[in-house]
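The values are calculated or read from the model by the stated rules, or taken from the named source; none is laboratory data. The structure displayed is predicted, hence computed values, not measured ones. Counting neighbours? That spans all protein chains shown, and the Cβs are built from the backbone with ideal geometry, glycine included.
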Amino acid sequence: MPTQIPRAISTTEVPKTSSHAGGPMAAVAELERRVMAAVKASAERGDPPLLQAAEAARCIREAPAFTPGGLALSQALVANLCFAHNTAAMWKLLDQAMLSRLVDPLHTLALLTPRVVPNRREQPEAYMLYLELLGRYAVAPVYPERMENKDMLAKSIDGAMQLSHRFGFQHLDFGHTVILFVLSLVDMLIDCILDDCGLPVTSADEHGNRKDMNFNGKGRSFDRGDEHREHLRRKNILMSIEVVEKVTANKITQVFLRLVNRNTYDVLSL
């Protein structure tokens, strides 16, 4: 079933609250600013990426509304990375934060997906680095042990990827969230490969009618004249194929996909 890539929520789609009123939008923006300031200060001291990530985590912990489990940190890092501070250094910092579990890898990938994938042609460098993280952390993810962290993680991943909406669930527990997340990633990559190869990709709307899918963002264009970036776009198609092969070759993922295949009718009928 072709995947409609979830669209990252824009600040224009959320009711705005005046920064003078100290509303949630202002608080989030201020936290993102403080995190980036901490990262820049750490980088200027010559700190390695892991220490820069630790400084960002400390900034989050000192925030008044601290969210445990690294969720707030991953949100702040991804918000800065896409695309105001889209640099190799920031991607390296994010990789180190995921590797050290300062942020949850699955949650971070869920936040990156709706931001990076629709922009993959305009931002081929970002898509390439996203694919590298996907192949590294989506194959054999490490899950949190505490149930409260699992519940928060499931809710955040579901919100970022719109899994409940797509699969017709009112509530997803952690296990179902992981299974549907992996399935959505594989499905999405296959559709992107077809689309980038010039093959038509269609999806069914709520009435069962087939419609063309837009994987490049609404009304966006990109320059084909840049030979280097065009080379990256072609290379990214091959990388996407490799990531699909790597993810689906994992035994745990194969079990997930078999379970989904056996229960597809029941899942979609709920």
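Tell me which of these residue 93 doesn't satisfy, since it passes every other one: (1) modelled with pLDDT of 95 or more; (2) closer than 23 Å to residue 127 by Cβ; (3) touching an Asp or Glu at 6+ places or on another chain (Cβ under 8 Å). Here residue 93 meets the rest and fails (3).
Just to check your reading of the model, which residue among 183, 194 is under 18 Å from residue 131 (Cα atoms), outside the structural domain of residue 75 (by TED's automatic domain parsing) and over 18 Å from the mean Cα position of the chain (by Cα)? Explain how you work it out, then say what you get.
On the way: 183 fails: over 18 Å from the mean Cα position of the chain (by Cα).
Just a single option satisfies the conditions, and that option is 194.
Consider segment 131-151 and keep the residues that are modelled with pLDDT of 80 or more and charged (D, E, K, R). The one that is surrounded by the most Cβ atoms within 10 Å (Cβ to Cβ) is 150.
Considering (1) modelled with pLDDT of 95 or more; (2) over 30 Å from residue 254 (Cβ atoms); (3) assigned to a helix (DSSP H, G or I), the lone condition that residue 32 does not fulfil carries the number (1).
What about residue 118, is it out of contact with any helix residue (DSSP H, G or I) (no Cβ under 8 Å at 6 or more places or on another chain) and buried (at least 21 other Cβ atoms within 10 Å of the Cβ)? Taking the combined requirement at face value, the residue satisfies it. Residue count for segment 37-65 satisfying the condition of being outside any helix (DSSP H, G or I) and in contact with a helix residue (DSSP H, G or I) (Cβ under 6 Å, 6 or more places away or on another chain): 1.
Please return the ranges of helices (runs of 4 or more DSSP H) entirely within segment 131-205 where 2 or more residues are closer than 25 Å to residue 232 by Cα and touching a residue at least 60 places away in the same chain (Cβ under 8 Å).
Values: elements: 147-161, 163-167, 174-196.
Here the list reads 174-196.
Every test in (1) at pLDDT 70 or above; (2) within 23 Å of residue 181 (Cβ to Cβ) is passed by residue 229 save one, and that test is (2). Note on segment 152-181: residues that are surrounded by fewer than 16 Cβ atoms within 10 Å (Cβ to Cβ) and within 30 Å of residue 231 (Cα to Cα) amount to 0.
Restricted to segment 191-206, and to residues there that are in contact with a Ser or Thr (Cβ under 8 Å, 6 or more places away or on another chain) and modelled with pLDDT of 90 or more, the residue that is farthest from residue 230 (Cα to Cα) is 191.
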